[in-house]
1. Which of the three applies to the range 132-221, rounded, prolate or oblate, going by the alpha-carbon gyration tensor with a ≥ b ≥ c and a/c under 1.5 meaning rounded?
2. Each residue of the range 197-206 in order: what ³J(HN,Hα) in whole Hz does its phi give by Karplus 6.51 cos²θ - 1.76 cosθ + 1.60, θ = phi - 60°, with x for Gly and Pro?
3. Give me the accessible area per residue for the range 158-225, probe 1.4 Å, as a whole number in Å².
4. Along the Cα-to-Cβ line of Glu159, 7 Å from the Cα, sits a label point; which residues in the range 176-198 have backbone N less than 19 Å from it?
5. In sequence order, what are the phi-derived ³J(HN,Hα) couplings for the range 211-223 according to the Karplus relation 6.51 cos²θ - 1.76 cosθ + 1.60 with θ = phi - 60°, rounded to whole Hz, with x for glycine and proline?
6. Skipping prolines and chain starts, which residues have an amide H placed within reach, meaning under 5 Å, of the one on Thr203, given they are 5 or more residues away or on another chain?
7. Would you calculate the separation in nanometres between label points at Thr217 and Ala136, each defined as 7 Å from the Cα along the Cα-to-beta-carbon direction?
8. Once phi is turned into θ = phi - 60°, what whole-Hz ³J(HN,Hα) does the Karplus curve with 6.51, -1.76 and 1.60 give for every residue of the range 190-196, x standing for Gly and Pro?
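The values are calculated or read from the model by the stated rules, or taken from the named source; none is laboratory data. Just so it is clear, the structure is predicted and the values come from calculations on it, not from any experiment. Glycine also receives a Cβ, built like all others from the backbone with ideal geometry; neighbour counts cover every protein chain displayed. Ligands, DNA and RNA are stripped out before the accessible areas are found, and what is left, the full protein with its side chains, is counted by its heavy atoms. Shrake-Rupley method; radii C 1.70, N 1.55, O 1.52, S 1.80 Å.
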Amino acid sequence: MSGPDEPSYDDDPQLRERLRAADPAASLPPAEPDRVARLLEAAMSTTDHDTTGSGSHTAGPEAPRTRRSPLTWIAAAAAVLVVGGVALTATMGGDDEETPTAGGGGAEETPAVLTLAAPAAQQSRCMVPNAEVLAAQEVAFLGTVEELADDTVVLEVDEQYAGTEADEVRVESPPEQMQLLAGAVDFREGEQYLVSATDGRVTVCGFSGPATGELQTLYSQAFGE
């Protein structure tokens, strides 16, 4: 505790200003913890003993009173600031890391959807299916029927053979046209189908149907599977 004639460093504006300016983080990299400990120990052990008028300490009944100089407190405060800077750096990490956003990861990708139509009523006889004609189709894929309605058939694409890759194919047409397609292909929910299309319309006449037997062989010949 300070005596009545000693200045109170806690209320010294100049000392406070010097302490504020003593932040090492502004110009120095964080010190190693061992070095910080040594600096703090050395700063706190430095004392300035009161002396007598003769310039020497007297061994009287009372032990000489000691007090720390302003520089001692500045050094100690600087060491504490270094320790604080090391802890703050370890806690905050790098400034370049992205701040996590609420809800976790990035936005989910929207599935690619291809929309086709049922074929119009056939006015002529169908040709015999062959690999050359099938290979010339704009779209060809293996898919599983996920949804079946009067005007819509939704297939999840299992394997793409031709055309722009999609995750889902929707065949949408008026009910009367869908009946023609259903009669030609016999779509059933949960089953796999081989489907081809040109000009945005599903090709029938044996080029689209359940993924079995001869049709699988035909697709293998056309697309090298």
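1. rounded
2. 7, 9, 6, x, 10, 5, 8, 10, 6, x
3. With the other protein chains kept in place, the range 158-225 gives 53 Å² per residue.
4. Answer for this model: 190-197.
5. Once rounded to whole Hz, the list reads 7, 9, x, 4, 5, 4, 5, 4, 5, 5, 5, 6, 10.
6. Sorted by chain and number, the residues that satisfy this are Ser196, Ala197, Thr198.
7. Distance between the two pseudo-spin positions: 2.3 nm.
8. Here the 3J(HN,Hα) series is x, 9, 8, 9, 9, 10, 10 Hz.
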